[in-house]
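Enquirer: My structure is below; once you've seen it, I'll send some questions.
The values are calculated or read from the model by the stated rules, or taken from the named source; none is laboratory data. Source: prediction; values computed, not measured. All Cβ positions, even for glycine, are placed from backbone atoms using ideal geometry, and neighbour counts span all protein chains on display.
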Amino acid sequence: MKRNTICFFIVLMLAGLTCLSAQMTKQQLQEMYVSYLRGEGYNPSVDSDGDVNFTAQGQSFYIDVMAEDLQSFRIVLSDFLPMGSDRLKALETAASEIATTKAISFNLASNNRLAINSFIFIARPEDFKTHLKRMVDNILTARKDFLARM
C-alpha cells in the first residue's frame, strides 16, 4: 500500500511539472526564443503575426510560435523561391529533397513562392535550443541542393 502511494505521488509530481510547462503564453514563448537567439548572435524580432524572425547565413527564417502546442517546434525559410513556369520540376525536386533530408518539408505559400520548413516534436518548449542549429542547417542544405537540381 505504501509503495502504491509513493508511486501515485511521483506520478502527480511529474504531471504537475508538465502542467507548469504547458502554461506558457505566446508572449513567454516569444521572449524565450528572442532571448536565446540574441545570445547566439542572431538579431531576432517579433513580427505582427507574432512569429520570431531571424537571419542565419544570409537567409530569413521565422519561428512559428505555437502556444497551443508546446510540444511542437517549427522554423521556416520563407519565400525562398518564386514558382516559375516549371512547377512540375520544382515539385519533383522538392519531393526528392524531402526524401533525402531529415525533418524538412516544402510548402507553396499564398504568394506562389516555395518555403522550406522543419518541424519536430519536443518534450518541453525550451528543448528547441538543442535542435535549432541542426534544423537551420538541414533547411539550408535542402535549399542549396534544391537550387542545384533545378
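Enquirer: Within segment 100-124, restricting attention to residues that are more than 11 Å from the chain's Cα centre (by Cα) and more than 16 Å from Arg143 (Cβ to Cβ), which residue is modelled with the lowest pLDDT?
Expert: Looking at residues that are more than 11 Å from the chain's Cα centre (by Cα) and more than 16 Å from Arg143 (Cβ to Cβ), I get Ser110.
Enquirer: Out of Asp79, Asp69, Asp49, report the one residue that is outside any helix (DSSP H, G or I), of a type in the set (Asp, Glu) and within 23 Å of Arg149 (Cα to Cα).
Expert: After applying the criteria, what remains is Asp79.
Enquirer: Ile120 fails exactly one of the following numbered conditions: (1) within 29 Å of Lys26 (Cβ to Cβ); (2) in contact (Cβ under 8 Å) with a residue 60 or more places away in the chain; (3) not aromatic (Phe, Trp, Tyr). What is the number of that condition?
Expert: So Ile120 meets the others, but not (2).
Enquirer: Restricting to segment 102-150, count the residues that are among the charged types (D, E, K, R) and buried (at least 19 other Cβ atoms within 10 Å of the Cβ). Give the steps one after another, and end with the answer.
Expert: From segment 102-150, those among the charged types (D, E, K, R) are 102, 113, 124, 126-127, 129, 133-134, 137, 143-145, 149; that's our starting set.
Okay, now just the ones that are also buried (at least 19 other Cβ atoms within 10 Å of the Cβ), so 143.
Qualifying residue count for the region: 1.
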